[in-house]
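Below is one structure; the comments refer to it alone.
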Amino acid sequence: MSRTLTEQILGGTAGEYVDRSVDRAYVHDGTGVLTLQAFKEMGVPLGIDVSRIAVLYDHICPANTGLTADLQKELRSFAKEQSIPFSDCGGGICHQVMSEGCILPGEVVVGADSHSCTGGAFGAFATGVGATDMAAIWASGETWFRVPETIGISLNRSLRGAAEAKDIALSVAARLGMEGATYCALEYTGDGVPSLDMESRLCICNMGIETGAKNAIFYADDICRTYLGQFGHRIAPQIPEDCGYREEIVLDLDDIVPVVALPHRVDTISPVTECTGIEVDQVLLGTCTNGRYSDLLRFSRLVRGKRVRVRTIVVPASKAVLLQASRDGIISDLIEAGCIIVSPGCGPCLGMHSGVLGDGDVCLSTANRNFKNRMGVGGTIYLASPATAAATALEGCIADPEVHYA
Amino acid sequence: MMREGKAVCLGSDIDTDLVIAGRYLRTKDRSVWATHVFEDLDPALSNRLKGSIIVAGRNFGCGSSREQAPVALKEAGVVAVISPLFARIFFRNAINVGLPVIEAEIPACRDGDHIVLNLDGGWLEAAGTRYTFTPLSPRMLAIIHAGGLVPYWRAKQ
C-alpha cells in the first residue's frame, strides 16, 4: 500500500511528528501584524530566504480607519526593509494571488490564515497556521507537523445543470460535518476530477478547513500542468497510487444539486429548491472561495442585460481577476446590472468593511463561513454558489439558478 | 505542572468568531480582546473568566486561524481549556501562546466546579472525580512550560 499524497510530501506516516522546511510561507494584513510582533519579540534575524515568504494585504483593503492604516504601515515598512515579496491593498486575496503561479506540486505551503488549505489544489501540502507559528517559520525556515490521517474522497462522473464546485464543497462539508475531518487530510481522486478546472479545485480545497481538515489536496494532473504553464512553470504530473485511507467517501457529481448552507452552520445544507422565496437584503459574490474569474463569468452570464433587485456586492479575488473581467466586459455588465464593485480583497466576508450587515439583515454569500455575527451583529448569512447568488440577486430572494439558466 | 480553576461550561462548535469577533481585531491591544471575549455568545461571560477553566463541548476553536482567540482567553484570565475535540489551528495557537489545552471529556462537570489539572501527569480532578487524558507531546509541554513559543524560542538562543 502506497503512502497518501500528504504522507509523501511530509515524508512520514500518519500519526508521526516531522520537522519540515517550508517552501512557501505567507501572511496577510490581519495576521501579519501579529506575526511581526511575535517575530520581533523572538529577537532573531530572518532565518529564511525572503523569496520563500510573502506579505499580501487583503483583509481590510484599503484601510478603513487610522488605526488599521497605522498597523498596515508598520508591516509594509518591514516588508520593504527586508525585501520581502509584498502585495499591497488592491492586489487581492492572499490565497488567490498565491494560486497565480506561486504554489507548485509537492511543496510544503503554510499561510497565516485558515483558508491556506486552498493551495492543495496544486498537489501541494498547504495548511493554515497561527501568527506565532509563522514568526518561528520566519526565524527558522521550518516547522513541525503531525502527519495527518487521510480521508479519501472519490469524485465520480461530472456535474450537470446549474450545479458548481461550490455545491460540491458544501456537500462535502455536510457529509463530513464541521468536525468530521479534524486533524485529517482530504485527498480528492476519482474519474470526475478531470472535469473540474483549477478554479473549481481551488474552491473545493478552500472549504476543507470547514470540516476541520488540516489540508485538502488534489493530485497535480494535466489540467494543473496546463494552468501552471501559463505562469511559466513546467511540472510533472503526480500519479495517484493505491493508498491507505482512514475512510473513503464516494460522491457522484451528477447527483450534486445547487444547495444553500443555512445560518449559522456550514454543514447544514438544503437544496436551493427548498429555500426559494427567502428574502435577502444583500448578495455577496467574491471571497477566497468564489471570487475568481470563472465565478464572475458565470454570475455575469445570468445577470447581464438585467437588473439586480437587492444590494449586490462583487469583490474580484485579485487584481488579475479584476483586469481580466474588465477586459472581457464582465465588470461593465455587472455595473450596468446594478452591482457594486469593491477593490480586490476579502471585502465584507469577515465583517470589517465594504458591506457589513446590520441587525436583521440577510445575506446570501459565496463565502465559506456563515458563523453567527460574522458579517455584522444580528446579520444572517446563507452560503451558495455564484450561480445561485446570481439568481438570488435577480429575484431579491433565494432563487433556483436552474430556472435562470433555462 | 499543576493548574486549577473554576469550571465555565460551554457548548459545542464554539468558533473563533464567537471567541473574539472580527470587529475587535483592528488593534494590538490585548486588553481590548479580553474585554470583548465571547461577547456574541454571552456578553456577561467575560466577567466570569478570571481564574476559570473552560470546559467546552466538541470542536472548540473552529473557524478562523486568528491567534487573538487564545490570546483573548489567556488575557481574560482563563487558566486552561478542556474539550473532547479541538479545532486543529486553535489547538496549536493555544500552545504557542502558552494556554494549556486538554483533550478530555468530563460530562459530569458543572459550572463552578473546582478543577485541578496535572498537565504532565495526564490527569485532572473535577468536583472530586479523577479523569485521565493523554498529555501533550514533550515538545508542546516544553512550549507550555516556557510560557509560549516566543519565550521558548528566546530560551533556545
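Let's see how each residue does on (1) over 25 Å from residue A:380 (Cβ atoms); (2) outside any helix (DSSP H, G or I); (3) not polar (S, T, N, Q):
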site: A:277; (1), (2), (3): no, yes, yes
site: A:283; (1), (2), (3): no, yes, yes
site: A:289; (1), (2), (3): no, no, no
site: A:294; (1), (2), (3): yes, no, no
site: A:297; (1), (2), (3): yes, no, yes
site: A:305; (1), (2), (3): yes, yes, yes
site: A:313; (1), (2), (3): no, yes, yes
site: A:320; (1), (2), (3): yes, no, yes
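If residue A:108 meets every condition in (1) open to solvent by 10 Å² or more (accessible area, probe 1.4 Å); (2) touching a Lys or Arg at 6+ places or on another chain (Cβ under 8 Å) apart from one, which number is that one?
(1)
Got a number for residues in the stretch A:6-62 being in contact with a helix residue (DSSP H, G or I) (Cβ under 6 Å, 6 or more places away or on another chain), open to solvent by less than 50 Å² (accessible area, probe 1.4 Å) and under 25 Å from residue B:137 (Cα atoms)?
The qualifying residues number 7.
Could we say that residue A:388 is open to solvent by less than 10 Å² (accessible area, probe 1.4 Å), in contact (Cβ under 8 Å) with a residue 60 or more places away in the chain and part of a helix (DSSP H, G or I) here? Reasoning before the result, please.
Details: open to solvent by less than 10 Å² (accessible area, probe 1.4 Å): yes; in contact (Cβ under 8 Å) with a residue 60 or more places away in the chain: yes; part of a helix (DSSP H, G or I): yes.
Criteria met by residue A:388.
Restricting the search to the stretch B:139-157, which residues are surrounded by fewer than 18 Cβ atoms within 10 Å (Cβ to Cβ), more than 10 Å from every other protein chain (Cβ to nearest Cβ) and modelled with pLDDT of 95 or more? Talk me through it step by step, then tell me what you get.
To start, the set of residues in the stretch B:139-157 that are surrounded by fewer than 18 Cβ atoms within 10 Å (Cβ to Cβ) comprises B:139, B:141-142, B:145-147, B:151, B:154-157.
Within this subset, residues satisfying the condition of being more than 10 Å from every other protein chain (Cβ to nearest Cβ) are B:141-142, B:145-147, B:155.
Scanning the stretch B:139-157 gives B:141, B:142, B:145, B:146, B:147.
Yes or no, residue by residue, for (1) in contact with an Asp or Glu (Cβ under 9 Å, 6 or more places away or on another chain); (2) surrounded by 24 or more Cβ atoms within 10 Å (Cβ to Cβ):
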residue	(1), (2)
A:164	yes, yes
A:177	yes, no
A:188	no, yes
A:193	yes, no
A:199	yes, no
A:207	no, yes
A:222	no, no
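In the stretch A:13-53, what residues are closer than 15 Å to residue A:124 by Cα and of a type in the set (Gly, Ala, Ser)?
Correct list: A:21, A:25.
Between A:37, A:96, which is more than 10 Å from chain B (Cβ to nearest Cβ), within 18 Å of residue A:129 (Cα to Cα), assigned to a helix (DSSP H, G or I) and not small (Gly, Ala, Ser)?
On the way: A:37 fails: more than 10 Å from chain B (Cβ to nearest Cβ).
The conditions single out A:96.
What pairs come out if I take residues in the stretch B:34-61 that are among the charged types (D, E, K, R) and pair them with residues that are crowded, with 18+ Cβ neighbours inside 10 Å and assigned to a strand (DSSP E or B) whose C-beta lies under 7 Å away, six or more apart or interchain?
B:48/B:8; B:58/B:83
Might you check whether a residue that is touching a strand residue (DSSP E or B) at 6+ places or on another chain (Cβ under 9 Å), at the interface with chain A (Cβ under 9 Å from one of its Cβ atoms), hydroxyl-bearing (Ser, Thr, Tyr) and open to solvent by less than 20 Å² (accessible area, probe 1.4 Å) occurs anywhere in the stretch B:2-18?
Initial filter on the stretch B:2-18 (touching a strand residue (DSSP E or B) at 6+ places or on another chain (Cβ under 9 Å)): B:2-10, B:12-16.
Adding the requirement that they be at the interface with chain A (Cβ under 9 Å from one of its Cβ atoms) leaves B:12-13, B:15-16.
Imposing the further condition that a residue be hydroxyl-bearing (Ser, Thr, Tyr) reduces the set to B:12, B:16.
With the extra rule that they be open to solvent by less than 20 Å² (accessible area, probe 1.4 Å), the set shrinks to B:16.
Within the stretch B:2-18, one or more residues are touching a strand residue (DSSP E or B) at 6+ places or on another chain (Cβ under 9 Å), at the interface with chain A (Cβ under 9 Å from one of its Cβ atoms), hydroxyl-bearing (Ser, Thr, Tyr) and open to solvent by less than 20 Å² (accessible area, probe 1.4 Å).
For the stretch B:19-30, name all the residues that are open to solvent by 60 Å² or more (accessible area, probe 1.4 Å) and either in contact (Cβ under 8 Å) with a residue 60 or more places away in the chain or farther than 17 Å from residue A:29 by Cα (or both).
The answer is B:30, and nothing else.
Give the stretch A:129-148 a look and list any residue that's crowded, with 23+ Cβ neighbours inside 10 Å, part of a helix (DSSP H, G or I) and facing chain B (nearest Cβ under 8 Å), or say none.
Correct list: A:131, A:132, A:133, A:135, A:136.
The values are calculated or read from the model by the stated rules, or taken from the named source; none is laboratory data. Every value quoted in this text rests on a predicted model; they were computed, and no experiment measured them. All Cβ positions, even for glycine, are placed from backbone atoms using ideal geometry, and neighbour counts span all protein chains on display. Each accessible area value is taken on the protein alone, full model and side chains, heavy atoms only, with ligands, DNA and RNA left out. Shrake-Rupley method; radii C 1.70, N 1.55, O 1.52, S 1.80 Å.
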